[in-house]
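Structure, as structure tokens:
The values are calculated or read from the model by the stated rules, or taken from the named source; none is laboratory data. This is a predicted model, so every value here is computed, not measured. Every residue, glycine among them, receives a Cβ derived from its backbone with ideal geometry; neighbour counts consider all protein chains shown.
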Amino acid sequence: MHTTDDNYLYDYTSIERILFGVNAVESVGKEAKSLVSGHKCLIVTDAGIAKAGFMDRIQDSLESEEFEVELCDIAKPEPSISDYQNVLDVGKVNKPDIIVGLGGGSSLDISKTVARALTNPGSLEDYLGGEFTQPGLPLITIPTTSGTGAEITADAIVRLPEQKVKGCFLNTRATLAIIDPTLTLTLPRRLTVGTGLDALSHAIESALSKMSSPLTHALALESIRLISKSIHLAASDGSNLQARTDMAWATAIEALSESNAGDVEGHAVAHVLGGYYNVHHGEACSIALPYCMKLNLSVNAPILARIAKAMDESISGTENEMAEKGIEAVSRLIQDLEAPACIADISQASRDDLPELVNIYCNHPDITEIIELFSKLGTQSEAEATKFWSEMFEPFSLR
């Protein structure tokens, strides 16, 4: 979005294609053949996914279209630069014509970055926090979770252990996303909850962003409605295909919103928590979300009221009353799902860490950029941030 005085020009961008549906993954061979004339395909995934029962469906589809398939199953969760580099090294040896990224957000982010890095000069470090300038190899992303939206979004997240924070690679969007809810049917409860709350965070935070628009609001609110309707059932009965389909749609929809409107304080916090404690990204998001919504109440009551109605149509009252009810509903949802609800729920966390956490939040450029670009509140002073972070060590309270 570009601004001229008080006039706004909204610039909405998206992935080129999304193929969604039950058993859609069985089209991967045909889709890959339509993208390249070569026949070498590298599948990037993690060891757990490589052993999952649906891998044969993907390889059979590719091999039926005469692709030579190489499996790289060394992707790691919450990856560091070295984890990215390990997969890139495999790609340099294999020299694929096309890459298929398969798995959760980490595997998809690695595949997105490797597809770009193989066609761009220099090292991975050269692009950290910046954009790849040359087009990458054709890339098909296939998610096995519902939540990260990495199959659609343009950025790839990387953990920077030495800085105790997370950064990103920009401009890594895939060529095609194939979203098949049957691949999520065996996702364990904890990952169903964690990734689902990541999706909810993307939807809500993108709605709170100063870069939001009527288009991204419509997408965000529908994602919130679907998640509120189906996350409990997906978590309690993972084999329920309708619930899994709802969550897959919700993720695709919020990814289109979040990749245009961005995230606000909640994801800034989550990137600090993830980098500092190496906790699962979705669980870091679940901790931050209600506190982030409370922080934004003074500048975002109208959209918070609409978020409340998307969660529960029976919610009524004044705009402020509905906004507060929506925040409390999100807090209850997190607790009902037995997800981490405050920083004290992280086993290795200590209040002694507070000064360093605040310092990273207030001063690291990868974190301050999120706030500067997207938050209506703008940057916080260290005193304000200390109060905000201190509250997150306590069980959530709206008062």
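How many of the residues in the stretch 290-302 are under 28 Å from Ile343 (Cβ atoms) and either surrounded by fewer than 21 Cβ atoms within 10 Å (Cβ to Cβ) or without any contact (Cβ under 8 Å) to a residue 12 or more places away in the chain (or both)?
Here is the first cut: in the stretch 290-302, the residues under 28 Å from Ile343 (Cβ atoms) are 290-301.
Filter again for either surrounded by fewer than 21 Cβ atoms within 10 Å (Cβ to Cβ) or without any contact (Cβ under 8 Å) to a residue 12 or more places away in the chain (or both), leaving 297-299, 301.
Adding up the residues that qualify gives 4.
Within the stretch 351-367, restricting attention to residues that are touching a residue at least 60 places away in the same chain (Cβ under 8 Å) and part of a helix (DSSP H, G or I), which residue is surrounded by the most Cβ atoms within 10 Å (Cβ to Cβ)?
Across the stretch 351-367, the extreme among qualifying residues is Tyr361.
Being among the β-branched types (Val, Ile, Thr) and modelled with pLDDT of 95 or more is the filter; apply it to the stretch 120-141 and report the residue that is nearest to the chain's Cα centre (by Cα). Taking the candidates together, the pick is Thr141. Across the stretch 63-96, the qualifying residues are those that are hydrophobic (A, V, I, L, M, F, W, C), assigned to a helix (DSSP H, G or I) and within 27 Å of the chain's Cα centre (by Cα), and the one among them that is farthest from Ala50 (Cα to Cα) is Ile81.
Is it the case that some residue within the stretch 177-188 is buried (at least 24 other Cβ atoms within 10 Å of the Cβ), at negative phi, hydroxyl-bearing (Ser, Thr, Tyr) and out of contact with any Lys or Arg (no Cβ under 6 Å at 6 or more places or on another chain)? The answer is no; no qualifying residue exists. Just one of the listed residues (Thr182, Thr192) is under 21 Å from Met55 (Cα atoms), more than 17 Å from the chain's Cα centre (by Cα) and in a helix (DSSP H, G or I), namely Thr182. Quick check: is even one residue across the stretch 99-115 surrounded by fewer than 16 Cβ atoms within 10 Å (Cβ to Cβ) and part of a helix (DSSP H, G or I)? No: zero hits. The single condition among (1) in contact with a Lys or Arg (Cβ under 8 Å, 6 or more places away or on another chain); (2) surrounded by fewer than 23 Cβ atoms within 10 Å (Cβ to Cβ) that Cys168 does not meet is (1). Evaluate the stretch 374-386: report whether one residue or more is farther than 30 Å from Leu128 by Cβ and part of a helix (DSSP H, G or I). Within the stretch 374-386 (the criterion being farther than 30 Å from Leu128 by Cβ and part of a helix (DSSP H, G or I)), the answer is yes, since at least one residue qualifies.
Among residues of the stretch 116-152 being touching an Asp or Glu at 6+ places or on another chain (Cβ under 7 Å) and of a type in the set (Ser, Thr, Tyr), the one that is surrounded by the most Cβ atoms within 10 Å (Cβ to Cβ) is Thr141. Val193 passes every criterion in (1) in the same structural domain as Ala284 (by TED's automatic domain parsing); (2) touching a residue at least 60 places away in the same chain (Cβ under 8 Å); (3) within 20 Å of Ala261 (Cβ to Cβ) apart from (3). Could you go through the stretch 259-273 and let me know if any residue there is surrounded by fewer than 22 Cβ atoms within 10 Å (Cβ to Cβ), assigned by TED's automatic domain parsing to the domain that holds Ser209 and more than 14 Å from Ile204 (Cα to Cα). Scanning the stretch 259-273, I find no residue that is surrounded by fewer than 22 Cβ atoms within 10 Å (Cβ to Cβ), assigned by TED's automatic domain parsing to the domain that holds Ser209 and more than 14 Å from Ile204 (Cα to Cα), so the answer is no.
Residues being in contact with a Ser or Thr (Cβ under 7 Å, 6 or more places away or on another chain) and surrounded by 22 or more Cβ atoms within 10 Å (Cβ to Cβ): count how many of those fall in the stretch 30-45. Talk me through it step by step, then tell me what you get.
Initial filter on the stretch 30-45 (in contact with a Ser or Thr (Cβ under 7 Å, 6 or more places away or on another chain)): 35, 44-45.
From what's left, surrounded by 22 or more Cβ atoms within 10 Å (Cβ to Cβ): 44-45.
Of the residues in the stretch 30-45, 2 are in contact with a Ser or Thr (Cβ under 7 Å, 6 or more places away or on another chain) and surrounded by 22 or more Cβ atoms within 10 Å (Cβ to Cβ).
Does Ser34 count as polar (S, T, N, Q), at pLDDT 95 or above, in contact with a His (Cβ under 9 Å, 6 or more places away or on another chain) and not assigned by TED's automatic domain parsing to the domain that holds Thr195? Judged against the criteria, Ser34 is not a match.
Show me the helices (runs of 4 or more DSSP H) found entirely inside the stretch 213-288 where at least 3 residues are free of Cβ contacts under 8 Å to residues at least 12 places away in the same chain.
Details: elements: 214-236, 241-261, 265-277.
Once the helices (runs of 4 or more DSSP H) in the stretch 213-288 are filtered for at least 3 residues that are free of Cβ contacts under 8 Å to residues at least 12 places away in the same chain, what remains is 214-236.
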